[in-house]
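Remarks on the structure that follows.
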Amino acid sequence: MTGIKNCPFCGSSNVKPYNLLGQDTDYAVACCQIDCGAEGPDKSTEQAAITAWNTRTDGWISVTFDMPKNKEKVIIHNSKNMYIAHYDGWGWLLSGFGYINNVTHWMPLPNPPTKGGDAK
Ligand SMILES: [Zn+2]
């Protein structure tokens, strides 16, 4: 498959765009490596899914590029501070505080610690 970068997590070249749930408006690129299964963001076209998969950043995703799923808690940045908030379809809501303005980037929350922790 040309034009698709290797998996950023396991390095495999066994990555493919696929059509989610058979709907022709919902595409993502996934790593087909057993034990990995990394998946790019859902996009409305195969080419957009490939572009999204190929876009590598330091983890921050521009709000002009993609948005988190509704109500998914993420880390947001408004060029001054970071918060954990969710997008409610209208704005970035920080529980117990209100809306955060001028959000430029977000990233998914890391996984919570596992029992005992694993030192690297
Ligand atoms: Zn992978």
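Quick note: the coordinates plus some simple rules give every number you see, no bench work behind them. Everything quoted here is computed from the prediction, not taken from an experiment. Using ideal geometry, Cβ is built from the backbone for each residue, glycine included, and neighbour counts are taken over all protein chains shown.
Sum up the lysine pairs in the chain that clear both bars: alpha-carbon distance under 21 Å and a spacing of 8 or more or different chains. Close lysine pairs found across the chain: 6.
The Cα center of the range 50-90 and the Cα center of the range 9-24 differ in position by 21 Å.
Please work out the Cα convex hull volume for the chain and give it in Å³ per residue. Roughly 156 Å³ of hull volume per residue.
Please give me the summed charge of the neighbours of Gly11: other residues whose Cβ is under 14 Å from its Cβ, Lys and Arg +1, Asp and Glu -1. Could you put the intermediate results ahead of the total?
Working: positive: Lys5, Arg56; negative: Asp35.
With Lys, Arg at +1 and Asp, Glu at -1, the net is +1.
Using the alpha-carbon positions of the range 61-108, Rg (one decimal) and Dmax (whole number) come out as 9.3, 28 Å.
Cysteine residues of the chain whose Cβ has no partner cysteine Cβ closer than 4.7 Å: Cys32.
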